[in-house]
Amino acid sequence: MKLAGMAWSTLTADVAVGGRKFRVVRPARPPHHAPLYTGYRSHQMLVDKQSAVDLAAAWWLAARSPRTVVWLPLRQTATTCGSHCYGQRLDLVLMHHSLALPVSAWKQTRAQIRQTRPHTVILPEHPFPNLTQADHERSHWRENLDHLRFALAADTLFLIGSRAAFELQAGQLRGLVEDCPAHMAAKPGTHCCAEIGLGAAPFASSDKNRRNAWGEVHVEYCADHRVSAPHGSKRS
């Protein structure tokens with residue numbers, strides 16, 4: 001499966017908080033299989049093929065739309081897989097740091113979402129850049145501030161950062177969608193995952209990013225439901 005040209009069906013709502021207007025976008029249907037569990041710094045998410053696509057599409061939209069809050073209501077997911085997972089079940093919100101929406105305002109924001117309109121997001125031919133090894137090495141420099149910050153509020157995990165910060169981790173999700181299914185088909189017992197780095201690496205701490213603590217979201221295919229048929233569609 002390729003992300004290029006993928007159609008993602010969403011619901012969009014316009015909201016205003018603190019005198020600022022922005023939009024909230026969520027999937028037209030809550031992801032069927034994407035339970036997210038919190039940890040101290042490592043958070044665990046279990047997906048099937050369609051939920052992996054939903055996450056990748058949401059990631060692309062959050063990186064490219066600085067006035068958009070992308071909300072994945074993962075607490076509504078129908079499955080309760082994850083016998084090896086512990087912690088609280090969470091929703092996921094992705095947003096550009098320039099939006100400057102306090103996570104403490106999310107409960108108020110969420111309560112405003114009543115009227116929505118359908119919208120289809122079409123991913124472009126090359127949704128994520130092909131980064132080099134040098135690009136990834138620069139992310140560990142002490143001067144680099146393009147890290148994804150994370151926070152917890154209102155039963156939600158927030159990932160917040162610049163376009164560069166989102167795109168730096170996007171290759172993990174592209175591999176999850178485009179490469180992992182073939183690996184799992186060839187070797188059914190293969191562990192396939194995306195390890196999304198959050199914050200500054202421990203050895204790259206500095207006064208400027210001291211509050212941007214290191215963390216991770218570990219997204220893996222559920223061992224029992226990894227081959228669920230996707231509902232996404234290609235643009236004809």
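When the stretch 94-133 is filtered for residues that are touching a strand residue (DSSP E or B) at 6+ places or on another chain (Cβ under 7 Å) and among the β-branched types (Val, Ile, Thr), the ones remaining, listed by number, are Val103, Thr109, Ile113, Thr116, Thr120, Val121, Ile122.
Is one or more of the residues making up the stretch 165-182 outside any helix (DSSP H, G or I) and at pLDDT below 90? Explain how you work it out, then say what you get.
The initial filter retains those residues of the stretch 165-182 that are outside any helix (DSSP H, G or I), namely 179.
From what's left, at pLDDT below 90: none.
Checked the stretch 165-182: no residue is outside any helix (DSSP H, G or I) and at pLDDT below 90.
The single condition among (1) closer than 16 Å to Ala62 by Cα; (2) at pLDDT 90 or above that Asp146 does not meet is (2).
Looking at the stretch 1-53, what strands (runs of 3 or more DSSP E) fall wholly within it and have at least 3 residues that are at pLDDT 95 or above and crowded, with 17+ Cβ neighbours inside 10 Å? Break it down stepwise before answering.
On the way: elements: 6-17, 20-27, 42-47.
Fully inside the stretch 1-53 and qualifying: 6-17, 20-27.
Taking the stretch 163-194, which residues are within 19 Å of Arg67 (Cα to Cα) and in contact with a His (Cβ under 6 Å, 6 or more places away or on another chain)? Correct list: Ala165 only. Here Asp155 does not fit the description of being over 20 Å from the mean Cα position of the chain (by Cα), surrounded by 14 or more Cβ atoms within 10 Å (Cβ to Cβ) and either of a type in the set (Asp, Glu) or modelled with pLDDT under 90 (or both). Restricted to the stretch 104-115, and to residues there that are at pLDDT 90 or above and either basic (Lys, Arg) or over 17 Å from Arg26 (Cα atoms) (or both), the residue that is surrounded by the most Cβ atoms within 10 Å (Cβ to Cβ) is Arg110.
Of the residues screened, Ala58 is not one that is hydrophobic (A, V, I, L, M, F, W, C) and more than 17 Å from the chain's Cα centre (by Cα). Based on what the data block shows, is Arg110 touching a Lys or Arg at 6+ places or on another chain (Cβ under 7 Å) and in a helix (DSSP H, G or I)? Taking the combined requirement at face value, the residue does not satisfy it. When we screen Pro118, Pro127, Pro66 for residues that are loosely packed, with under 14 Cβ neighbours inside 10 Å, in contact (Cβ under 8 Å) with a residue 12 or more places away in the chain and either not charged (D, E, K, R) or not in a strand (DSSP E or B) (or both), the only hit is Pro118.
Scanning the stretch 13-47 for residues that are in contact with a Phe, Trp or Tyr (Cβ under 7 Å, 6 or more places away or on another chain) and farther than 25 Å from Ala111 by Cα yields Arg41, His43, Gln44, Val47. Residues of the stretch 170-197 that are farther than 29 Å from Phe150 by Cα and among the aliphatic types (A, V, I, L, M): Ala182, Met184, Ala185, Ala186.
The values are calculated or read from the model by the stated rules, or taken from the named source; none is laboratory data. Not measured: the values here are computed from a predicted model. Quick reminder, even Gly has a Cβ in these numbers, built from the backbone with ideal geometry, and neighbours come from all protein chains shown.
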